[in-house]
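The block underneath contains the structure these notes are about, expressed in structure tokens.
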Amino acid sequence: MKSSIVGTTITIIVLFVNLVVASIYHLSLITWRDDLTKVQTETRGYIDKIIDTSTNPDNYVEDYNLALASCSNTFTYTLEHYARVTNPDGKGGTVTTWQVTNDLSNFSKGDIVKITVIQKSYNIFQKISQSLLGMNYVNKDIVMSAMVR
């Protein structure tokens, strides 16, 4: 039985792809999913703190920034405060609308807090699987909002 150099080379390449590249692809998906789960959980917790206390002190912001920084991917976020405005409608009733305000530290009952989290980068496993397998990952924007109690 003869041993072929071409056959041995193809076998080594197939083993490399199966053992290394496929594992990297699965790791990239797992870390991506874990990061999204963590971001969603931390965002919900941050919003809950704000709507329960009607304030957004520096320690809430620092805790949230630290949680986002602990992810494998880079995330940025915007916090928006929609203040409740009630005006007369001219017919004896009122009309309630919400306007964006720059005050991100004090909230009133009925105001809306909205956080939009955007993924800015890929983790190292995603970068490797993109270059080796040509995979294309879609960055997911996470938008959550709630009304102050």
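The values are calculated or read from the model by the stated rules, or taken from the named source; none is laboratory data. All of these numbers come straight from a predicted model, not from anything done at the bench. We place every Cβ from the backbone using ideal geometry, glycine too, and count neighbours over all the protein chains shown. Calculation scope for accessible area: heavy atoms of the full protein, side chains included, ligands and nucleic acids excluded. Shrake-Rupley method; radii C 1.70, N 1.55, O 1.52, S 1.80 Å.
Tabulated results
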read-out	value
Leading residue by the ranking (most open to solvent (accessible area, probe 1.4 Å)) among those in segment 114-146 that are in contact with a strand residue (DSSP E or B) (Cβ under 6 Å, 6 or more places away or on another chain) and among the hydroxyl-bearing types (Ser, Thr, Tyr)	SER145
Index of the failed condition, ASP111 passing every other in (1) acidic (Asp, Glu); (2) open to solvent by 70 Å² or more (accessible area, probe 1.4 Å); (3) in contact with a strand residue (DSSP E or B) (Cβ under 6 Å, 6 or more places away or on another chain)	(2)
Number of positions in segment 45-87 that are closer than 25 Å to TRP98 by Cα, in contact (Cβ under 8 Å) with a residue 24 or more places away in the chain and of a type outside the set (S, T, N, Q)	14
Total residues in segment 119-149, condition in contact (Cβ under 8 Å) with a residue 60 or more places away in the chain, assigned to a helix (DSSP H, G or I) and of a type in the set (A, V, I, L, M)	3
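Conditions (1) in contact with a Leu (Cβ under 6 Å, 6 or more places away or on another chain); (2) part of a loop (DSSP other than H, G, I, E, B), marked per residue:
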{"residue": "ASP63", "(1), (2)": "no, no"}
{"residue": "LEU68", "(1), (2)": "no, no"}
{"residue": "ASN73", "(1), (2)": "no, yes"}
{"residue": "LEU79", "(1), (2)": "yes, no"}
{"residue": "ALA83", "(1), (2)": "no, no"}
{"residue": "GLY92", "(1), (2)": "no, yes"}
{"residue": "VAL95", "(1), (2)": "no, no"}
{"residue": "GLN99", "(1), (2)": "no, no"}
{"residue": "GLY110", "(1), (2)": "no, yes"}
